[in-house]
Amino acid sequence: MTRQNYDVAVIGGGLHGLSTAMHLGRSGKKVLILERHWSGRHASGATAAGVRTLNRDRGELDLSLQAMEMWHDMPGLVGDDCGFHANGQIWVAEDAAALTRVQAHVQALERDGYRHEELIGPEELRRWLPALSPHCLGASIAKRDGAADPHRTLRAFRTSALAAGATLVEQCGVEAIERQGGDWTLRTSRGNWTVPFVVNAAGAWSGRIAAMVGDVIPLATKSSMMMVSERINPFIKPVVSIVGRSLSFKQADQGTLVIGGGLQGVPDLDKETSTARMRVLAAGARAATDLFPSVRDLRIVRVWAGLEAKTSDMLPIVDASPNAPGVFHAFGFSGHGFQLVPIVGAAVADLIVQGKTSLPISHLSARRLMEPSPVKDNTP
Ligand SMILES: Cc1cc2nc3c(=O)[nH]c(=O)nc-3n(C[C@H](O)[C@H](O)[C@H](O)COP(=O)(O)OP(=O)(O)OC[C@H]3O[C@@H](n4cnc5c(N)ncnc54)[C@H](O)[C@@H]3O)c2cc1C
């Protein structure tokens, strides 16, 4: 039996699928979310939940800055602050070359009128991070950045999507998508649905969904790893990263240290799992203890990894399908999509409801990754 009573089917019940469903529902659309496992099973349940404009690629910076305004009013959007604390994010320079790089980065931003990052010298850096090793020379800080609680965020967006009228069907994998007149029929493990609009928010598997409607978008897979320590007394508030090394370091409200920042395990898309690489985790732990020697003897109590699609330029795709009318893509967040959750859903909802958006997504087109690079004409 094919069911037809929805306007939009969102594939993927992660944070981006939930946010899109919430915004669409509030615009009056009848939305069906199809999730192969359960909402938050993959990247959105594994995330470090850093809320960062610091050191963002220019291609998504304007979108990220607008998303930050939404983070500062989360209760207004989803009825909960999602555990977001704006305690700042800091990008630390350990040596003179790193400091030069940070200074050039902030000066370039300032030249273009951006004021969200500031340079701080060693004394101010130590005021923000009293436990920091004395060898660090300075940093860039984004004071309105911070971190949230991933599970509170999931609950808030899921509750808000359902309150906006969306239907969430879990344990329901989309296996094929077929054109049916002007509509799309989704064949799933729990029956078929026919809808005019489809949103592809299937995370690491989005390339496979895109291929079902004729969009061949080359993607790699990230398997970002995290580790968590035993609880200690409060000693750090901002989220810390280091120039030139893989580290994101913060302390959760419960007192645990949460360490990650691009440390990669081994992904397996078919088995939907990844293998942690202990040597890589050890390098991450070394970076953390180089910066904060006082945590050297702490025990790591848990490690995990999460799967996500990575694009060649590390920017997501937030766009209408170039080949399939009525299909929209929101994926390829390449390890930094949590901060964009409130706004990407709004952008996709605009594209469906109004056929356009005023939100700054022009650098996030699907075509940029699908078109072959222009052949260079070398004739003199
Ligand atoms: C370890 C880790 C740390 C991170 N830290 C940060 C951070 O600090 N800050 C930040 O901004 N970002 C961070 N990120 C990135 C961020 O978490 C992701 O960008 C974001 O959660 C992606 O959400 P999503 O909804 O696109 O994907 P997902 O949450 O992966 O959701 C996609 C869903 O689609 C479902 N699905 C797939 N195929 C099908 C199908 N055929 N049918 C039905 N359902 C399907 C999957 O089961 C999955 O639940 C991190 C990611 C990881 C893994």
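The values are calculated or read from the model by the stated rules, or taken from the named source; none is laboratory data. Bear in mind that the values here come from a model prediction, so they are computed numbers and not experimental data. Don't worry about glycine lacking a Cβ; one is built from the backbone with ideal geometry, like all the others, and counts go over all protein chains shown. Surface areas here come from the heavy atoms of the whole protein model, side chains and all, with no ligands, DNA or RNA. Shrake-Rupley method; radii C 1.70, N 1.55, O 1.52, S 1.80 Å.
Of note:
- Expected-Rg normalisation [2.2 N^0.38 Å, Cα atoms] applied to segment 199-291: 1.36
- Taking every protein chain into account, the 1.4 Å probe leaves Arg52 with about 60 Å² of accessible area, to the nearest ten.
- Intensity falloff of segment 204-258 expressed as log10 I(q)/I(0), Debye formula with alpha-carbon point scatterers, at q = 0.27, 0.28, 0.30 Å⁻¹: -1.05, -1.09, -1.16
- Sorting Arg158, Arg299 by solvent-accessible area of protein heavy atoms yields Arg299, Arg158, largest first, with a 1.4 Å probe.
- Charge sum, other residues only, whose C-beta stays under 13 Å from Ala320's C-beta, Lys/Arg counted +1 and Asp/Glu -1: -1
- With contributions of -39500 (n - 2.57) from each DSSP H run of at least four residues, the per-residue ellipticity at 222 nm computed over the chain stands at -8500 deg cm²/dmol.
- DSSP assigns beta bridges within segment 176-266; of those with both partners inside it, close to 95 percent run antiparallel.
- With all protein chains modelled, accessible area of Lys271 [1.4 Å, Å²]: 150 Å²
- Taking all Cα-Cα distances within segment 18-139, those exceeding 23 Å account for 50%.
- Surface composition of the chain: carbon and sulfur atoms hold 49% of the protein heavy-atom accessible area at a 1.4 Å probe.
- Backbone amide hydrogens, once placed in the peptide plane, bring Gly138 within less than 5 Å of Ala93, excluding anything fewer than 5 places away on its chain.
- Count, lysine Cα pairs under 22 Å in the chain, 8 or more residues apart or across chains: 9
- Pairs of Cα atoms nearer than 8 Å and 6+ residues apart set the relative contact order; for the chain it is 23 percent.
- At a probe radius of 1.4 angstrom, the accessible area of segment 106-187 per residue rounds to 49 square angstrom.
- With all pairs of separate Cα atoms included, the chain yields a Kirkwood hydrodynamic radius of 21.5 Å.
- Cα pair distances of segment 1-54 binned at 5 Å [whole percent]: 4, 18, 23, 19, 16, 11, 5, 2, 1, 0
- Per residue, the accessible area of segment 312-353 comes to 21 Å², computed with a 1.4 Å probe over protein heavy atoms only.
- Alpha-carbon centroids, segment 12-67 and segment 97-114: separation in whole Å: 29 Å
- Net charge over other residues, Cβ less than 12 angstrom from the Cβ of Trp38 (K, R count +1; D, E count -1): +1
- Of all DSSP beta bridges confined to the chain, the antiparallel ones make up roughly 70%.
- A simple spin-label model places the labels of Arg367 and Ala108 2.7 nm from each other, with each point 7 Å out along Cα-to-Cβ.
- Unit Cα scatterers, Debye sum, segment 267-365: log10 I(q)/I(0) for q = 0.10, 0.11, 0.17, 0.19 Å⁻¹: -0.46, -0.53, -0.88, -0.98
- Cα centroid separation - segment 298-317 against segment 197-267, whole Å: 3 Å
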